[in-house]
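Undergrad: One structure follows; several queries about it will come next.
The values are calculated or read from the model by the stated rules, or taken from the named source; none is laboratory data. Note that the coordinates shown come from a computational prediction; the quantities given were computed from them, not determined experimentally. Quick reminder, even Gly has a Cβ in these numbers, built from the backbone with ideal geometry, and neighbours come from all protein chains shown. Each accessible area value is taken on the protein alone, full model and side chains, heavy atoms only, with ligands, DNA and RNA left out. Shrake-Rupley method; radii C 1.70, N 1.55, O 1.52, S 1.80 Å.
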Amino acid sequence: MPPAHTGAPSTLGASTPSSPGSPAPLDPGAPGYRRMSFALFAAGLAAFALLYSTQALLPAVSASFGVTAGQASWTVSAATGALALFVLPLSALSERFGRTRMMTASLAVAVGVGLLVPFAPNLEWLVALRAVQGAALAGLPASAMAYLAEEVRPKALVGAIGLFVAGNSIGGMSGRLVTGWAAQMWGWRAGLAAVGVLALACAVAFRLLLPRARFFSPASLDPRAVGRTVTGHLRDPLLLRLYGIGALFMTVFGAVYTVIGYRLVDGFSLPQGVVGSVFLVYLVGTASSAAAGQLVARTGRRGALYLAVSTTAAGLLLSLSDALAAILVGLVLITAGFFAGHAVASSSVSRAAKTGRAQASALYQSAYYLGSSAGGTLGAVAYHAAGWGATVALGLGAVLGVVSITLYGSRVARLERLGPRTA
């Protein structure tokens, strides 16, 4: 992956020098930075807990409605697919009305729908409500990335985004953990209700803690201007590679975590609460995403990506074992590799985009969640057709795609350094 563009000075994180008396971008250790980190951590926790609230419950949903793994997987894919479709238009609204307003509205609607989801009378209603929930959540991720790029010093951006992604991992873990044990005791509907209450508490904490935006400047909602910005991003080779990396990483993750519940129930007859507890491995993702900044400092962005894909591939291969302990270690490696790779790729988008940061992040999020939707559905279909080995093969194919894109980016960077001599 080549370095960020060097033609124009970066505007990320309001990096231009501040005049005397004007507010300065946030640095780690500052009180405002700490409040911001906690607020966005809470937002990420709520978002991931809601977005994947049915994932650990898929075997129970299948049994309750009498449907296959592929059909039940739509309760996850509908949410992630709707998020992918709506993230770009909602990011455009955030350019006009502000990041904090968009994030607040997004969480409020998603939490409201989350409190209705447990009452869905059938699979069709459940999928429909989950799609609405995913569309509502679309206003959060790109707005959060743009907010961080504007409010945080560029050198601290990878670490700040890593903390937001860490909130995602905690949300994914806690949501599955809560739903698993609540479902074992009172049924899968109680599990969804518990996640709704958890997300409500996180949304309140987010709104109370988030510092006001100091560097946001409203932009026009002119569709032609937005179209030009999006087109420009889609013509940028570096951004396109980053979008592809995000989509492929999430294809692996979506496939593995959509299907793993079925494998643990079918292969080891584990109860629902224990299956939910398996998602404690998300704590590894919390650590790896939060440490992404240090990893990039030591190995460079491409080096960090190579390490992330190697770790993910090793985890996939290890998960082929019939030993439960080996499968769990494999999940740890997959989770660590995925979250590190996602933190590096998403922060690279924020670094590379010189204008229209919300749209650049939105396009990344769109690709990312389309990868999740495709991975969840294809992974479940593969498992239903040929077992866990087929799901792993799908994941390894996506990993190979990440390696190919990163190798190509390295070659482009080398040619750019050599300049006209290569002509």
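Undergrad: Looking at ARG207, ARG301, ARG214, ARG189, which one is touching a helix residue (DSSP H, G or I) at 6+ places or on another chain (Cβ under 9 Å), open to solvent by 30 Å² or more (accessible area, probe 1.4 Å), touching a residue at least 12 places away in the same chain (Cβ under 8 Å) and not in a helix (DSSP H, G or I)?
TA: When all the criteria are applied, what remains is ARG214.
Undergrad: So which of VAL76, VAL87, VAL61 ends up being over 18 Å from the mean Cα position of the chain (by Cα) and of a type in the set (A, V, I, L, M, F, W, C)?
TA: None of the other options fit; the residue is VAL61.
Undergrad: With (1) modelled with pLDDT of 65 or more; (2) surrounded by fewer than 22 Cβ atoms within 10 Å (Cβ to Cβ); (3) not in a helix (DSSP H, G or I) as the list, and SER53 as the residue in question, which single condition is left unmet?
TA: So SER53 meets the others, but not (2).
Undergrad: When you go through ALA374, ALA314, ALA287 one by one, which is the residue that is under 17 Å from the mean Cα position of the chain (by Cα), more than 20 Å from GLY175 (Cβ to Cβ) and either among the hydroxyl-bearing types (Ser, Thr, Tyr) or surrounded by fewer than 24 Cβ atoms within 10 Å (Cβ to Cβ) (or both)?
TA: Checking each option against the conditions leaves just ALA374.
Undergrad: Follow-up question, since we're still on this one. Which is closer than 13 Å to GLY254 by Cα, buried (at least 16 other Cβ atoms within 10 Å of the Cβ) and at pLDDT 85 or above, of LEU394, LEU363?
TA: LEU394
Undergrad: Please identify the pairs in which a residue from segment 114-138 that is assigned to a helix (DSSP H, G or I) has its Cβ atom under 7 Å from the Cβ atom of a residue that is of a type in the set (Phe, Trp, Tyr), counting only partners at least 6 apart or on another chain.
TA: Within 7 Å, the pairs are LEU123/PHE65; VAL127/TRP74; ALA135/PHE86.
Undergrad: When ALA353 is evaluated against the numbered criteria (1) surrounded by 22 or more Cβ atoms within 10 Å (Cβ to Cβ); (2) at pLDDT below 90; (3) touching a Ser or Thr at 6+ places or on another chain (Cβ under 7 Å), which criterion, by number, is the only one it fails?
TA: Just one mismatch for ALA353, condition (3).
Undergrad: A follow-up question, please. Does VAL67 satisfy being over 14 Å from the mean Cα position of the chain (by Cα) and not in a helix (DSSP H, G or I)?
TA: It is true that VAL67 is over 14 Å from the mean Cα position of the chain (by Cα) and not in a helix (DSSP H, G or I).
Undergrad: Please pick out the residue among TYR383, TYR408 that is more than 15 Å from GLY254 (Cα to Cα) and at pLDDT below 95.
TA: Of the residues listed, the single one that is more than 15 Å from GLY254 (Cα to Cα) and at pLDDT below 95 is TYR408.
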